Amino acid sequence: MPGTKEIRRRLISVRNTKKITYAMKLVSAAKLRRAQESVTRAREYTTGLQRVLASVQSEAVTLDFVHPLMQQREVKRVALVVIGGSRGLCGSYNSNVHRKAAAFLQEWDKKVGESNVALLLLGKKPGEFFRRVRRPIRESWDALPEDATKWPIDEVVEKIEIPFLNQEFDEVYVLFTEFRSAISQVARLEKLLPLDANALNAAGSTSASPEGNTLFEPSAEEVFSALVPRMVRAKLRQAALDAKASEHGARMTSMENATKNAGELGRKLELLYNKLRQGGITAELLDIVGGAEAMK
C-alpha cells in the first residue's frame, strides 16, 4: 500500500492536472463560440447560394445547358478530401474521422483499385494517420491556421477541380465532422463533385424564395457558370468550418470530463491520505500510551 508521501505527491499532480484541463476547457469554449458564429454565417450563405443556383438551374435546363462540374460519367477514379484535427486531446474526434476514411478507402479499393483512389488531407492528424498506415497521399495541408476562415480553400478546390475537368477524377468526396452542438458532432461523407442537380433543386425548394419570374443578366448560362464553382467552394468551406467547430466542441467536452474525473480522483486520494495520516497518528499515540504504561 502506498505511503502518505506518495499519495500526497499524486494528489498534487492530480490537482495540477485539473487546473490545466479546466483552463483548456475555457479556451476551447471561447474558440467554440467564435467557430459557431462562423458556421452559422457560412450556412446562411450556402443556403442562399443553393436557392439562387436552383433558380438559375431551372432556367438553364430549359436551354439544355449542363456545367462541366456537374457532368456525370463512369466512375473509374475517385478522390477523397479528409478534414481532420491539428491537435489531440479532443476525445474520439480524430479517430471517428480516421475510421470512416478507412472504411471509405476499403470500399473503393475493391471497386476501382488502390491506385485509383487519391487522398487530399487537411489537418495534421489525418496526415499522421495515413503516413502511419503507409497510404499514398496526393496532397496534404498540415500547417493550417487555427482560424478555419483563413484556410487555403481556394487552393484545395483548384487541386480537385482541374483534375476533375481533365477526367483524372470522376468523383470527389469530402469527409468532415458536421457540427450539431457542443456535445454532438457526426463524421459525415458528402459527394462534392460532380454537383448533384437533384440535391440543389431539393435544397432550393426547401428555402423560401420570392414569387414571380427572375431576369438573369447577362444570361442564365453565364450566371450559372459563375455560380457553380462558387457552390463547390462554399460547400468545402462549410465543411472546413464545421470540422473546426466540431474539434473545439469535442475538445471542450473532453476537457470538461477530464476535469470532473480529476476532481473525483483528487477527492478519493484526499480521503485515502487523511485515512492513512489519521492511522499513523493513532499508531503513534498507542506507542506513547504503551510506553507510558510500561514505565509504571
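Could you tell me which residue of segment 253-265 is surrounded by the most Cβ atoms within 10 Å (Cβ to Cβ), considering only residues that are of a type in the set (A, V, I, L, M) and within 28 Å of the chain's Cα centre (by Cα)? If you could, list the steps in order and put the result at the bottom.
Quick first cut of segment 253-265, residues of a type in the set (A, V, I, L, M) only: 255, 258, 262, 265.
Now drop any that are not within 28 Å of the chain's Cα centre (by Cα), which leaves 255, 258, 262.
Numbers: MET255: 23, ALA258: 19, ALA262: 20.
Step by step, filter segment 253-265, then rank; the result is MET255.
Being among the basic types (Lys, Arg) and under 27 Å from the mean Cα position of the chain (by Cα) is the requirement here; does ARG77 meet it?
Details: among the basic types (Lys, Arg): yes; under 27 Å from the mean Cα position of the chain (by Cα): yes.
When the stated conditions are applied, ARG77 passes them.
Among the candidates GLY113, GLY91, which residue alone is at pLDDT below 90 and exposed (fewer than 15 other Cβ atoms within 10 Å of the Cβ)?
Details: GLY91 fails: exposed (fewer than 15 other Cβ atoms within 10 Å of the Cβ).
Step by step, each of GLY113, GLY91 is checked, and only GLY113 is at pLDDT below 90 and exposed (fewer than 15 other Cβ atoms within 10 Å of the Cβ).
Checked against the criterion of being within 29 Å of ARG180 (Cβ to Cβ), surrounded by 14 or more Cβ atoms within 10 Å (Cβ to Cβ), modelled with pLDDT under 90 and in the same structural domain as VAL228 (by TED's automatic domain parsing), the candidates LEU80, LEU49 yield just one match: LEU49.
Just one of the listed residues (PRO218, PRO229) is assigned by TED's automatic domain parsing to the domain that holds ARG180 and in a loop (DSSP other than H, G, I, E, B), and it is PRO218.
Residue by residue, here is whether (1) buried (at least 16 other Cβ atoms within 10 Å of the Cβ); (2) β-branched (Val, Ile, Thr); (3) within 28 Å of GLN72 (Cα to Cα); (4) modelled with pLDDT of 75 or more holds:
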| site | (1), (2), (3), (4) |
| --- | --- |
| LEU195 | yes, no, yes, yes |
| ALA202 | no, no, yes, no |
| SER207 | no, no, yes, no |
| PRO210 | no, no, no, no |
| PHE216 | no, no, yes, no |
| VAL232 | yes, yes, yes, yes |
| LEU236 | yes, no, yes, yes |
| ARG267 | no, no, no, yes |
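Among residues of segment 34-46 that are assigned to a helix (DSSP H, G or I), those with a Cβ under 7 angstrom from a residue that is basic (Lys, Arg), sequence gap 6+ or separate chain, pair up as ALA35/LYS244; ALA42/ARG237; THR46/LYS235.
The values are calculated or read from the model by the stated rules, or taken from the named source; none is laboratory data. Please read these numbers as outputs of a predicted model, since none were measured by experiment. Heads up, the Cβs are rebuilt from the backbone with ideal geometry, glycines too, and the neighbour counts pull from every protein chain shown.
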